[in-house]
1. Which residues, taken from segment 166-195, are under 26 Å from Ser252 (Cα atoms) and among the polar types (S, T, N, Q)?
2. Can you name the residue in segment 227-245 that is aliphatic (A, V, I, L, M) and out of contact with any Pro (no Cβ under 8 Å at 6 or more places or on another chain) and is also nearest to Tyr206 (Cα to Cα) among such residues?
3. Please go through segment 107-132 and give me each residue that is among the aromatic types (Phe, Trp, Tyr) and in contact with a Gly (Cβ under 9 Å, 6 or more places away or on another chain), ordered by number.
4. Taking segment 166-196, which residues are farther than 17 Å from Asp128 by Cβ and open to solvent by 30 Å² or more (accessible area, probe 1.4 Å)?
5. Just one of the numbered conditions (1) in contact with a helix residue (DSSP H, G or I) (Cβ under 6 Å, 6 or more places away or on another chain); (2) surrounded by fewer than 23 Cβ atoms within 10 Å (Cβ to Cβ); (3) outside any loop (DSSP other than H, G, I, E, B); (4) not small (Gly, Ala, Ser) is not true of Phe113; which one?
6. Mind checking whether some residue in segment 255-267 is open to solvent by 20 Å² or more (accessible area, probe 1.4 Å) and on the phi > 0 side of the Ramachandran plot?
7. Quick check on segment 132-152. Is at least one of its residues in contact with a Lys or Arg (Cβ under 6 Å, 6 or more places away or on another chain), among the charged types (D, E, K, R) and open to solvent by 10 Å² or more (accessible area, probe 1.4 Å)?
Amino acid sequence: MRRYPRFYLRWKARARTRAHQGAVQIIPAVLSPQLGNRRNLLVYTPASYARGDARYPVIYMHDGQNLFDPATSFAGDWGLKTALAWASRRGVEAIVVGVPNMGASRIDEYTPFEDPKIGGGNGERYLDFLIHTVKPLIDVQFRTHADRAHTGIAGSSLGGLISLYAYFHHGDVFGIAGALSPALWFANAAILDAVQQAPRVAGRVYLDVGLREGATHVALARRLRDLLIDKGYEPRRELRWVEDRDGRHHESAWGRRFRKALPFLLRNGGPR
């Protein structure tokens, strides 16, 4: 058997990944009647999208400017195009809609509760924007599977917080949720009571935390994991829990973990 140098094998792997990279297009200045502002939407379509007429699952992701391009990100991007190409090589494909945050309004839009010190609490209006403005627009302009089983919501930090809330309070829309390092501490950890009191929603939840994010983050994430298990979410089938030993509260860590989360989130999905 012929043996190839490692650098050649790495080059071949990168070339295969590049061949599966999709494209990101911008839908400019989308008006939110719910929030009274406008923002661009970043829509990733897999490489296979242009080659057929299949329909795809969709994941709506917050902090959209941090996902695809380091030039637009706050502190480095997730490298999501590479992650999605990696998943595509394994037959896992989806449309990803990056919804940028609005800077100073980020806390207000990504929090479903009011924190006595920080404020916020406008998360329901933001979700109303996603559900009644963004999702209909995407379903009309792209070949999507619009049902809840093929519709996900994901984000990190406060984006993880609002994703969890959306999954449990708008389960008729979202059947998939990804919460990476969610800011569970917000409003005295009100999300824990909200999840505990909410009906069990059929679907899949990905939850993670970096062990270098601090003791409070880790302890609250473990409490949520246990709460979800107590609600009947079966580990590995309905709930994927990850503790990243070297993980920090940072885009690079979230991008690395999200790549590995995609096969779980999109199980039984893909184009068809």
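The values are calculated or read from the model by the stated rules, or taken from the named source; none is laboratory data. This is a predicted model, so every value here is computed, not measured. Backbone-built Cβ (ideal geometry, glycine too); neighbour counts: all protein chains shown. Protein only, heavy atoms only, side chains kept; ligands, DNA and RNA dropped before computing areas. Shrake-Rupley method; radii C 1.70, N 1.55, O 1.52, S 1.80 Å.
1. Listed by number, the list holds a single entry, Ser181.
2. Keep residues of segment 227-245 that are aliphatic (A, V, I, L, M), which gives 227-229, 239, 242.
Next cut, out of contact with any Pro (no Cβ under 8 Å at 6 or more places or on another chain) only: 227-228, 239, 242.
Numbers: Leu227: 14, Leu228: 11, Leu239: 6, Val242: 8 Å.
Looking at residues that are aliphatic (A, V, I, L, M) and out of contact with any Pro (no Cβ under 8 Å at 6 or more places or on another chain), I get Leu239.
3. First, pick out the residues of segment 107-132 that are among the aromatic types (Phe, Trp, Tyr): 110, 113, 126, 129.
The answer is Tyr110, Phe113.
4. Trp185, Asn188, Asp193, Gln196
5. Tallying (1) in contact with a helix residue (DSSP H, G or I) (Cβ under 6 Å, 6 or more places away or on another chain); (2) surrounded by fewer than 23 Cβ atoms within 10 Å (Cβ to Cβ); (3) outside any loop (DSSP other than H, G, I, E, B); (4) not small (Gly, Ala, Ser), Phe113 fails exactly one: (3).
6. Here is the first cut: in segment 255-267, the ones open to solvent by 20 Å² or more (accessible area, probe 1.4 Å) are 256, 259-260, 263, 267.
Checking which are on the phi > 0 side of the Ramachandran plot leaves us with none.
No, the conditions are met nowhere in segment 255-267.
7. yes
Results for (1) part of a helix (DSSP H, G or I); (2) among the β-branched types (Val, Ile, Thr), shown as yes or no for each residue.
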{"position": "Leu127", "(1), (2)": "yes, no"}
{"position": "Leu130", "(1), (2)": "yes, no"}
{"position": "Lys135", "(1), (2)": "yes, no"}
{"position": "Ile138", "(1), (2)": "yes, yes"}
{"position": "Ala154", "(1), (2)": "no, no"}
{"position": "Ala166", "(1), (2)": "yes, no"}
{"position": "Gly171", "(1), (2)": "no, no"}
{"position": "Phe174", "(1), (2)": "no, no"}
